[in-house]
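Scroll down for the structure; my scribbles are underneath it.
Derivation of every value follows stated rules applied to the coordinates shown; laboratory data play no part. For clarity, every value in this text was computed on a predicted model and none was experimentally measured. Backbone-built Cβ (ideal geometry, glycine too); neighbour counts: all protein chains shown.
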Number of protein chains: 6
Amino acid sequence: MKVTVFRKEHFNAAHRLHNPAWSDEKNLEVFGKCNNYNYHGHNYDLIVEVTGEVNPETGYVIDMKVLSDLIREHVTDKFDHKNLNLDTEEFKEVIPSAENIAIVIHQLLRKHIDPLQELHITLYETERNFVRYPAR
Amino acid sequence: MKVTVFRKEHFNAAHRLHNPAWSDEKNLEVFGKCNNYNYHGHNYDLIVEVTGEVNPETGYVIDMKVLSDLIREHVTDKFDHKNLNLDTEEFKEVIPSAENIAIVIHQLLRKHIDPLQELHITLYETERNFVRYPAR
Amino acid sequence: MKVTVFRKEHFNAAHRLHNPAWSDEKNLEVFGKCNNYNYHGHNYDLIVEVTGEVNPETGYVIDMKVLSDLIREHVTDKFDHKNLNLDTEEFKEVIPSAENIAIVIHQLLRKHIDPLQELHITLYETERNFVRYPAR
Amino acid sequence: MKVTVFRKEHFNAAHRLHNPAWSDEKNLEVFGKCNNYNYHGHNYDLIVEVTGEVNPETGYVIDMKVLSDLIREHVTDKFDHKNLNLDTEEFKEVIPSAENIAIVIHQLLRKHIDPLQELHITLYETERNFVRYPAR
Amino acid sequence: MKVTVFRKEHFNAAHRLHNPAWSDEKNLEVFGKCNNYNYHGHNYDLIVEVTGEVNPETGYVIDMKVLSDLIREHVTDKFDHKNLNLDTEEFKEVIPSAENIAIVIHQLLRKHIDPLQELHITLYETERNFVRYPAR
Amino acid sequence: MKVTVFRKEHFNAAHRLHNPAWSDEKNLEVFGKCNNYNYHGHNYDLIVEVTGEVNPETGYVIDMKVLSDLIREHVTDKFDHKNLNLDTEEFKEVIPSAENIAIVIHQLLRKHIDPLQELHITLYETERNFVRYPAR
């Protein structure tokens, strides 16, 4: 009797897509306006999914207050109102594409969630562009 | 050639999270403000998913009008503008957490959907807290 | 050069529409399912608007953090996860219709906002039913 | 390390549900107001999902600009501001139910997406009625 | 103590923008793809606003159930799942632009609302194109 | 018979709130995390409102395609995927608060809209923080 629970949070950050192994021309050609030298930014909406058995004593898979606090401590306090490229350890050598941000958030949270429970991350970069990791 | 169809409905209800096997102190500690003695409430958004083959004569998996009527008859007429703890049989002895409400709605609808079709329930307690049953 | 700034917050509460001066029959006739004896509930979305001159030193009409804290202290801490009829002073003798809740919220906040600034309240009882006070 | 990326687009179209093998009476009985002789219409929201490995050089599963252009060229330029029954080849002999439109869009895009990547289509006919193909 | 109450409804319809006094060339030039010969369509979201005094006995400006029934009877039953140009009297000689639809809906409802109350109509043709009548 | 028409657009940008006349300490105290040295960012949603008479030949207040093109040319091409503080002339000496961005957008568009028509700007910095200029 497994249920998936979803918690939605958000953070606002600046970023720039740039591969330092490439020339400026190639970066501009591949990343277009996302390569803007002085950064641009987004309101990121983040949905964290935890899948597991329902605890019969509480009716909960995981206490949403606990999940929300974990997300704040390990993710949004790190990334909110930051420049992902300059202000975070995680994206010093990783391109902060939506795909990579979702993978990094999964790594940051995985160790804090019960190993018997599955964890999935959905990240909205805009209303029209979003990603999910791991893919089902 | 299986397609999943989704129908969104909603209902407004009062509820309280409380485990009668526990002391008041433990209930407050575990459920926090969701344990408020005089209840609180939500606008629940409900998404019912039916997965099956497309009928070549209609282009439908299931007639959305039929699905909508089933949800109204078996779910929302029961729960809408009610106190889940006091006014419903289903939550007399079951804690009305979002997880348990989704499981109960699945039980209420399962017998009315073609056994060859899969049924999934997503329930939004708020925009930021929601659950899905069964987990994929 | 007046600008209006809007801050959206929310709270979840139970309520019941009931006029004690009327018979049960008349209450049921007028308020329908909103008169349910054991209450029902809503996720209330609240938008607070403040209109005034922009401070040239900050670019702000009012600091959104300050406005958000005022709303939390004077409104949502009072009403969130409560039964409006039973748990609040404000609705002991006032019917907690959306209209009246908006008027009460305006009264609670008015004294904390600069008298040179205008204050308007929009309250969503559901996505499809909402009210604004004062009317323009 | 597979990630799913989602791109949301939209188009506005007229359509009519009608099975030419049936009498007018049976069509009206089965399709109800969706059978209206002179058509009706919708704002269709379309979400295209591509699942695959992340390219380590770009951090992308697929460039969202490329995906958006593919959707425009092969789907929305065909269907936007059109009458699906009269103005398109695809629905000359296929009933334009949401289920069938999703299957057709999958066929139109499948050949333009890397065969190692999975493709799923979600189509919103209204906010409350939507479909996904293939079902998971 | 005037409050504005808002009720959101919707309908789905086909339409075509075409001025019969003009040549086909001029129609195409002015209306572009909205001039498509075989019509296209929209999910129209409609918000009806009524502004007036709060009735102290009910806490209501107007009973939302009554308002919703008025909108159904006089507006959405007429326009839902219809071709506005062909199936309605109102747009036989009026171009069904969003502006004109809002004006027509105002005319249809005005006589059924208390003359002491103000009435405003907001009509969403898409999420990104909408109109309000009368302008404030 | 004045109608207001609304067109919604969006852009993504980085910014930083900082008053160069103040010390770093005062900037941090007043602007908090919005003062982050390396910028942060937002998905800005922009709603442009034009109020005027309906042209009886077209049923339009203003052609939405024309309005959309004006916004793209004069606003979003300037600001999208940019750092407002570093990449734009407009915010070289103006703090890019939501209030000031709305005022600047009004100035950029005002000269391109018919002087007989009114122009209002609503700018969403996030879903929960937004501003409107001029105030009504």
(request) Please turn the phi angles of the stretch E:70-78 into ³J(HN,Hα) values with the Karplus equation 6.51 cos²θ - 1.76 cosθ + 1.60 (θ = phi - 60°), one per residue in order, whole Hz, x for glycine and proline. (result) 4, 5, 5, 5, 9, 10, 6, 5, 6
(request) Would you kindly derive the ³J(HN,Hα) couplings of the stretch B:57-65 from the backbone phi angles with the Karplus curve 6.51 cos²θ - 1.76 cosθ + 1.60 (θ = phi - 60°), listing them in order in whole Hz, with x for Gly and Pro? (result) 6, 10, x, 9, 7, 8, 5, 4, 5
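As an exercise, identify the GluC sites (Glu not before Pro) in the stretch A:1-110 lying in DSSP coil whose Cβ has no more than 10 other Cβ atoms within 10 Å.
The qualifying sites are A:E89, A:E93.
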(request) Report the charge-dipole magnitude of the stretch F:1-91 in Debye, nearest 20, computed about the Cα centre from +1 at each Lys and Arg Cβ and -1 at each Asp and Glu Cβ. (result) 240 debye
(message) Can you tell me which of F:H40, F:H15, F:H120 moves the most in a GNM of chain F? Springs connect C-alpha atoms under 10 Å apart.
(response) F:H40
(message) Let's see if you can work this out: charge +1 on each Lys and Arg Cβ, -1 on each Asp and Glu Cβ, no other charges. What is the dipole magnitude of the stretch F:50-113 about its Cα centre, in debye to the nearest 20?
(response) 60 debye
(message) Let me see the P(r) profile for chain E: every Cα-Cα distance counted, bins of 10 Å, each bin given as a percent of all pairs.
(response) 12, 41, 29, 13, 5, 1
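First check a/c for the protein assembly as shown, with a ≥ b ≥ c the square roots of the eigenvalues of its C-alpha gyration tensor; if it is under 1.5, answer rounded, and if not, answer prolate when a/b is larger than b/c or oblate otherwise.
Cα axes put the protein assembly as shown in the rounded bin.
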(request) Report, in deg cm²/dmol and to the nearest 500, the calculated mean residue ellipticity at 222 nm for chain D, where each DSSP H run with n ≥ 4 adds -39500 (n - 2.57) and the sum is divided by the residue count. (result) -6500 deg cm²/dmol
(request) Specify the residue with the greatest mean-square fluctuation among C:I95, C:I113, C:I103, computed from a Gaussian network of chain C linking alpha-carbon atoms under 10 Å apart. (result) C:I113
(request) Go through the stretch F:9-15 residue by residue and turn each phi into a ³J(HN,Hα) via Karplus (6.51, -1.76, 1.60, θ = phi - 60°); whole Hz please, and just put x for glycine and proline. (result) 10, 8, 8, 10, 8, 9, 7
(request) Normalising by the residue count of chain D, find the relative contact order in percent from Cα pairs under 8 Å and 6+ residues apart. (result) 30 percent
(request) Keeping to pairs on different chains or 8 or more places apart, tell me how many lysine pairs in the stretch C:19-136 have Cα atoms under 30 Å apart. (result) 13
(request) Return the loop-located trypsin sites (Lys or Arg not before Pro) in the stretch E:73-131 (DSSP other than H, G, I, E, B) with at most 12 other Cβ atoms within 10 Å of their own Cβ; answer none if there are none. (result) E:K92, E:K111
(message) Using a Gaussian network model on chain D with a 10 Å cutoff between Cα atoms, which of D:V66, D:V48, D:V75 fluctuates the most?
(response) D:V66
(request) Among DSSP beta bridges whose residues both lie in chain F, state the antiparallel percentage, nearest 5. (result) 95 percent
(message) Taking amide H atoms as placed 1.01 Å from N in the peptide plane, list the residues 5 or more away in sequence, or in a different chain, whose amide H sits under 5 Å from that of D:H40.
(response) D:H15
(request) Work out the length of the dipole vector of the protein assembly as shown about its Cα centre, built from +1 on the beta-carbon of each Lys and Arg and -1 on the beta-carbon of each Asp and Glu, and round it to the nearest 20 debye. (result) 0 debye
(message) Between 0 and 90 degrees, rounded to the nearest ten: what's the tilt of helix A:98-110 against the longest Cα principal axis of chain A?
(response) 40 degrees
(request) Please report how far the C-alpha centroid of the stretch E:13-69 lies from that of the stretch B:61-136, rounded to the nearest whole angstrom. (result) 34 Å
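For the stretch C:88-136, what class follows from the C-alpha gyration tensor (a ≥ b ≥ c being the square roots of its eigenvalues): rounded when a/c is under 1.5, otherwise prolate if a/b is larger than b/c, else oblate? Present the calculation step by step, with values, prior to reporting the outcome.
Values: a/c = 2.64, a/b = 1.25, b/c = 2.12.
Oblate shape, in that a/c is at least 1.5 and b/c is the bigger or equal ratio.
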